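In what follows, a structure is listed as structure tokens, so that the remarks can point back to it.
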Amino acid sequence: MKLTNEIFKRSRHNPIITFRDMPYLCHAVFNPGATLVGDETLLLIRVEDLEGRSHLTVARSKDGVSNWHIESEPLISPSHEAGPYEEYGCEDPRITYLQDIGQWIIAYTAYSPLGAGVALASTDDFRSVTRFGLVLAPNNKDATVFPRKIRGEYWMLHRPVAGMIEHIWLTDSPDLIHWGHPWMVLDERGGPWWDGVKVGASTIPIETSEGWLILYHGVKEFPGGPMYRVGAALLDLDNPRRLIARLPYWILGPREPYEVSGQVHNVVFPCGHTIVGDQIRLYYGAADTCVCMATASLKDILTALNEHRI
């Protein structure tokens, strides 16, 4: 039996989407949000155009791996209607379905000359969106909304930048527009740790019997540059400010050629997942160049986390 710490197993079809699969010219595709819509897997792909700016385009597949139908126009782009805070592009979406309002909330990074901030939009059909605009000022990114209210409030993970410090924070809201009560919930660990330089939320939180499962990216700086890998933590179901478990090691890291070499070397960067039964399908950007997928058992991740409760 091959020994490995990588709980996630890569699809043999990787990369599942590249710029060559797009119905229009672009430079790269990566960092997709993901959700299930009826019997289809829907990805919201970050597409870097030939000018260098990013927009978000919908792709659909019956099996979540192949035969992607990709829209010929972006869903969210730095258009004139978007305003000045998205002038440089729209990046790294996370998609949350909120049953209480019957809509999907898209949290994405709005990039402009003023920096990177957190923007939200809603949709009920992924053919048009209602923009909420910027809800957290720059510099801030890696935002993802919890899939239900907790104690009567909406909650969101995000990653503000304070100097060179980049921890994961929580904030809550009564209406998805006004956010407050900031709380640092997961820190970059410094030193030689695999997640010592910075951390940021990856996909939306996953509700389990053990707590909110948080998948996050961590960065370590090497002489040859940074390396982005994926880790896991658990937050309390009723009080997500309370961290109850955190793995000391990563569970998916750049090993394959399409992850090691690309527009940005040594990057696996998930923004979306789907869940069927016990299986989680993780959709990630590899080397800021292409879209890939890996699978894992939720039970296996929770078993590992329970060995490292705080």
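Assorted remarks:
- For segment 99-105, the Karplus equation 6.51 cos²θ - 1.76 cosθ + 1.60, evaluated at θ = phi - 60°, returns couplings of 5, 5, 10, x, 9, 8, 9 Hz by residue, with Gly and Pro reported as x.
- Between N139 and F222, the contour length at 0.36 nm per residue exceeds the alpha carbon distance by 27.5 nm.
- Listed by Cβ neighbour count within 10 Å, with the fewest neighbours leading, C271, C90 appear as C90, C271.
- Straight Cα distances below 20 angstrom link K62 to the aspartates and glutamates D21, D39, E40, E71, D124, D125, D278, with same-chain residues fewer than 8 positions distant left out.
- At full extension, F132 and Y97 could sit 11.0 nm farther apart than now, given 0.36 nm per residue minus the alpha carbon distance.
- Efficiency of FRET from Cβ geometry, Q263 and Y24, R₀ 22 Å, rounded to 0.05: 0.75
- Shape category assigned to segment 142-191 from the gyration tensor of Cα positions, a/c cut at 1.5: prolate
- Placing a pseudo-label 7 Å from each Cα along the Cα-to-Cβ vector at E6 and D278 gives an inter-label distance of 2.2 nm.
- Taken one residue at a time, the phi angles of segment 111-123 give Karplus couplings (6.51, -1.76, 1.60, θ = phi - 60°) of 10, 8, x, 8, x, 9, x, 9, 10, 10, 8, 10, 7 Hz. Gly and Pro are set to x.
- Distance between segment 281-309 and segment 221-258 - C-alpha centres, whole angstrom: 9 Å
- Choice from I45, I150, I105 showing the highest fluctuation, given a GNM over the chain with Cα pairs closer than 10 Å: I150
- Per-residue HN-Hα couplings for segment 304-309 [Karplus 6.51, -1.76, 1.60; θ = phi - 60°; Hz; x = Gly/Pro]: 5, 5, 5, 7, 9, 6
- Hypothetical label at M184: residues of segment 120-164 whose amide nitrogen lies under 19 Å (7 Å Cα-Cβ projection): 137-143, 156-164
- Among Y283, N139, N266 - extreme Cα towards positive end, dipole of segment 18-306, charges at beta-carbon: N266
- Extension gain (nm, one decimal) between V161 and D124, 0.36 nm per residue minus Cα-Cα: 10.1 nm
- Per-bin percent of Cα-Cα distances, the chain [10 Å]: 6, 29, 39, 22, 3, 0
- Only lysines eight or more places from K299 in sequence, or on another chain, were considered; those with a Cα closer than 21 Å are K2, K9.
- Label-to-label distance, nm, for residues given as N306 and R151 (7 Å Cα→Cβ offset): 2.7 nm
- Gaussian network model of the chain, springs between alpha carbon atoms under 10 Å - residue of P192, P93, P160 with greatest fluctuation: P192
Since every read-out is calculated from the coordinates, none of them should be taken as a lab result. In this text the structure is predicted, and so the values were computed from the model without any measurement. Here the Cβ is made from the backbone with ideal geometry for all residues, glycine too, and neighbour counts use every protein chain on show.
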